[in-house]
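What follows is a short report on a single structure.
The values are calculated or read from the model by the stated rules, or taken from the named source; none is laboratory data. Bear in mind that the values here come from a model prediction, so they are computed numbers and not experimental data. Note that each Cβ is placed from the backbone with ideal geometry, even for glycine, and that neighbours are counted across all protein chains shown.
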Amino acid sequence: MKNVKYGLLFGVGAAALLVGFYPSAQSSAPLAPNRSGITERASRITPPAAADPTINNAARMIAEGRSTFRFDTFGDEAFWGDALKLHEAIQGERFGGVGPGVSPKAALELGLKVDVEALPHPLVQQLRRGEVDLNDVAVTLALLKKNAVVGVKGFFRENGSLDAVGITCALCHSTVDNSLTTGIGRRRDGWANRDLNVGAIIASAPDLSSLAALLGVDQATVRTVVLAWGPGKFDAELILDGKGFRPDGKTAATLLPPAFGLAGVNLHTWTGWGSVTHWNAFVANLEMQGSGTFYDPRLANAEQFPIAARAGFFNVRNEPDLITPKLAGLHFYQLAIPAPKPPASTFNAAAAARGATVFNTQAKCATCHVPPLFTEPGWNLHTPAEIGIDSFQADRSPDRRYRTAPLKGLWTHQTGGFYHDGRFATLLDVVEHYNRVLGLSLDGTQKQDLVEYLKSL
């Protein structure tokens, strides 16, 4: 039995995850999900024939990891469905749930994305012609059965009603290219979904009593805290220390980070909690509330992490373990996702070339953002004083430091601002900050050139 039943999820998808369509139409045929655990599908990638066992193994792990990243709930539907009852809010009173239900239009407005390659061709054509009523909850349920909502999986009873809903890694760390319309297109694995309103989705759950009990507050307070997050943000530390707001009154949530370009990067997350695979295990067990095993004795520190220590999050042991067997492939796939190159139209090439020189010399950026990783090889952490900001978020992590974030693909996640909490609205604001804190004496042209270079990475 699962001994930990609380947590918000690192990308949570719930009340609104409604619009389901099906995983990739180009791959295997879908299998009907069940409540016994995880719905398995044939690999989305067929490993090429090769004599080299290492090549074969790499292809197999990428195939397995992609499937895990996109489609595996790790059994978390027991939390999002049974405990929070998000599926009831999705289908609404008309179909046996509660409230008005969630239409596809409402789901898209919450930042959820739809995989167009999971949709039957006739449906795609109907969408193009505007013949699908995106305000009808019945359409939501029909599309959920196709399982095409990125990062969301519906579980249905024999009578066709929703029995539960689960979420996957892709919910927060994938988006689409909007090739059909806004929010509907081909998958972009690893991209941060800065449109996703995680807090609003959580707040719409009919029953937040498990979260309220964990945090020691009432359900109304939980909703107040998560609604303050806004689009593109999530607070993974809330269920560890219970701090919903910063001392200045602003939300304690941080921006959803991308999950691409991580090969060669040591510590993960804004504050360097651990490696990529450590964070995968952390999120799958504690945030998504899947069924697995997780061990991190640092969370037993009751002074720094009072809620985590009390709840036993430092040593989670669940049967069956649906997470640990998937970590290797998931890690391998994430390391294989390249940072996307920016379109030539999104930056000034001549200015970027000049900016590269500024980056590597007078601006001193390359001291920490070491090319080609654009973070430090090794222990890539710095004290708040070193980077000239407050320590609030750093103090919520074991090492009380901030990670040097890798910069490749920076152009993909400019929505919501920069730094862990979006405190700098533009890249120029970031440059101005360091120019002041480090006394760089950059002139206006150098600053603009540096911005163009950052956009070109």
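The set of residues in the range 343-370 being basic (Lys, Arg) and in contact with a Leu (Cβ under 8 Å, 6 or more places away or on another chain) consists of Lys364 alone.
Screening Gly272, Gly249 for residues that are small (Gly, Ala, Ser), under 24 Å from Gly199 (Cα atoms), in a loop (DSSP other than H, G, I, E, B) and free of Cβ contacts under 8 Å to residues at least 40 places away in the same chain leaves exactly one candidate, Gly249. In the range 158-166, the condition of being buried (at least 21 other Cβ atoms within 10 Å of the Cβ), charged (D, E, K, R), in contact with a strand residue (DSSP E or B) (Cβ under 7 Å, 6 or more places away or on another chain) and touching a residue at least 60 places away in the same chain (Cβ under 8 Å) is met by no residue.
Pairing residues of the range 343-357 that are touching a residue at least 60 places away in the same chain (Cβ under 8 Å) and in the same structural domain as Gln446 (by TED's automatic domain parsing) with residues that are surrounded by fewer than 13 Cβ atoms within 10 Å (Cβ to Cβ) and polar (S, T, N, Q), at Cβ distances under 9 Å and at least 6 apart in sequence or on separate chains, gives Ala351/Thr445; Arg354/Thr445.
Just one of the numbered conditions (1) on the phi < 0 side of the Ramachandran plot; (2) within 21 Å of the chain's Cα centre (by Cα) is not true of Phe74: (1).
Annotation note: of Leu211, Leu141, Leu171, the sole residue that is at pLDDT below 95, outside any loop (DSSP other than H, G, I, E, B) and in the same structural domain as Val98 (by TED's automatic domain parsing) is Leu141.
Tallying residues that are part of a loop (DSSP other than H, G, I, E, B), free of Cβ contacts under 8 Å to residues at least 24 places away in the same chain and either crowded, with 16+ Cβ neighbours inside 10 Å or among the acidic types (Asp, Glu) (or both) within the range 276-313 yields 2.
Could you check, for the range 100-112, whether at least one of its residues is over 18 Å from Lys153 (Cα atoms), over 20 Å from the mean Cα position of the chain (by Cα) and free of Cβ contacts under 8 Å to residues at least 12 places away in the same chain? Checked against the condition, which is being over 18 Å from Lys153 (Cα atoms), over 20 Å from the mean Cα position of the chain (by Cα) and free of Cβ contacts under 8 Å to residues at least 12 places away in the same chain, the range 100-112 yields no hits at all. Filter the range 314-337 for residues that are assigned to a strand (DSSP E or B) and not aliphatic (A, V, I, L, M); which is farthest from Ser67 (Cα to Cα)? So, considering only residues that are assigned to a strand (DSSP E or B) and not aliphatic (A, V, I, L, M), the one farthest from Ser67 (Cα to Cα) is Asn315. Consider Phe359 carefully, then state whether it is in a helix (DSSP H, G or I) and either small (Gly, Ala, Ser) or at pLDDT 95 or above (or both). Yes.
Listed conditions (1) within 24 Å of the chain's Cα centre (by Cα); (2) farther than 27 Å from Gly190 by Cβ are all met by Phe95, apart from (1).
Out of Val265, Val316, one residue alone is touching a Pro at 6+ places or on another chain (Cβ under 6 Å), surrounded by 21 or more Cβ atoms within 10 Å (Cβ to Cβ) and among the β-branched types (Val, Ile, Thr). It is Val265. Flag not set for Val132, criterion: buried (at least 24 other Cβ atoms within 10 Å of the Cβ) and either within 24 Å of Leu196 (Cβ to Cβ) or in contact (Cβ under 8 Å) with a residue 24 or more places away in the chain (or both).
Restricting Arg223, Arg188, Arg194 to those that are buried (at least 17 other Cβ atoms within 10 Å of the Cβ), in a strand (DSSP E or B), of a type outside the set (S, T, N, Q) and at pLDDT 95 or above reduces the list to Arg188. Of all the residues in the range 362-388, those that are among the aliphatic types (A, V, I, L, M), part of a loop (DSSP other than H, G, I, E, B) and over 23 Å from Pro338 (Cα atoms) number 1. Filtered by the rule that a residue be part of a loop (DSSP other than H, G, I, E, B), surrounded by fewer than 23 Cβ atoms within 10 Å (Cβ to Cβ) and either among the aromatic types (Phe, Trp, Tyr) or assigned by TED's automatic domain parsing to the domain that holds Gln393 (or both), the range 228-246 gives no residues. Does Thr140 count as over 19 Å from Phe95 (Cβ atoms) and surrounded by 16 or more Cβ atoms within 10 Å (Cβ to Cβ)? No; evaluated as a whole, the condition is false for this residue.
Every residue, every condition in (1) farther than 22 Å from Leu256 by Cβ; (2) crowded, with 24+ Cβ neighbours inside 10 Å, yes or no:
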site	(1), (2)
Ala83	yes, no
Glu88	yes, yes
Glu93	yes, no
Lys105	yes, no
Gly111	no, no
Asp115	no, yes
Pro120	yes, no
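From the list Ser397, Ser391, Ser441, the lone residue that is more than 20 Å from Ala339 (Cα to Cα), in contact (Cβ under 8 Å) with a residue 40 or more places away in the chain and exposed (fewer than 15 other Cβ atoms within 10 Å of the Cβ) is Ser441.
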